[in-house]
1. At a 1.4 Å probe radius, which order do ASP5, ASP28 fall into by accessible area, largest first?
2. Mean Kyte-Doolittle of at least -0.5 plus a Cα span of 20 Å or more along the axis: flag which DSSP H helices in the chain meet both, please.
3. Which residue, chosen from ILE104, VAL91, ALA127, occupies the Cα position most advanced towards the positive end of the dipole of segment 11-152, where the dipole is computed from +1 (Lys, Arg) and -1 (Asp, Glu) charges on Cβ about the Cα centre?
4. Based solely on its DSSP helices, what 222 nm [θ] is calculated for the chain when runs of n ≥ 4 H residues each add -39,500 (n - 2.57) and the sum is averaged over all residues, nearest 500 deg cm²/dmol?
5. Charges at C-beta only: +1 for Lys and Arg, -1 for Asp and Glu. How large is the resulting dipole of the chain about its Cα centre, in Debye rounded to 20?
6. Rank these residues by their accessible area, most exposed first, probe 1.4 Å: ILE104, ILE122.
7. Just want to confirm a number: the relative contact order over the chain, from Cα pairs under 8 angstrom separated by 6+ residues, in percent.
Amino acid sequence: MTQTDIFAKHTQKAKEWLNQIEERAGSDDSKKSFAALRATLHRLRDNLPIETVLHLNAQLPLIIKGILVENWHPSECLIKDKKFEVFLDGVEEEFHNVDVDVEIWIYAVLQVLSSHISQGEIEKIRAVLPREIRELWEAALLFENEYTSAIT
């Protein structure tokens, strides 16, 4: 496999994740799926201990690893959000005043993460998140289960 093939493989994997996010959000807008992935990963990262971020990063596709750590300064890490509204506002900022249902996009990202990351790692991540953000993730999974049941 050539270096170009390897790059293409990783690019394709990232596109698959974005397509899954779009599908779950009921959209075909790749700019919005990228914005949602980036913003949600950054907000999660900023609410996790450094060690947990590194464990999460180990399970991500190469390009998505880069998104997670983009502009990350671990020496300045503090748990920032704690509240759902602050987390939501942080993700909403990434959409640059485009009118979207931010919760649906966050749900889509959390559902895709849950489908690709080991269950054990997801449980470790959720265990250290502030309560309201952990509940957001639980709601995303509940929403996906109800949606899946309704269409099958």
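1. In descending accessible area the options line up as ASP28, ASP5.
2. 30-45, 102-116, 131-151
3. ALA127
4. -24000 deg cm²/dmol
5. 540
6. Ranked from most to least accessible, the order is ILE104, ILE122.
7. The value is 29 percent.
The values are calculated or read from the model by the stated rules, or taken from the named source; none is laboratory data. Keep in mind it's a predicted model, so treat the numbers as computed, not measured. Quick reminder, even Gly has a Cβ in these numbers, built from the backbone with ideal geometry, and neighbours come from all protein chains shown. The area values use the complete protein model at the heavy-atom level, side chains included, leaving out ligands, DNA and RNA. Shrake-Rupley method; radii C 1.70, N 1.55, O 1.52, S 1.80 Å.
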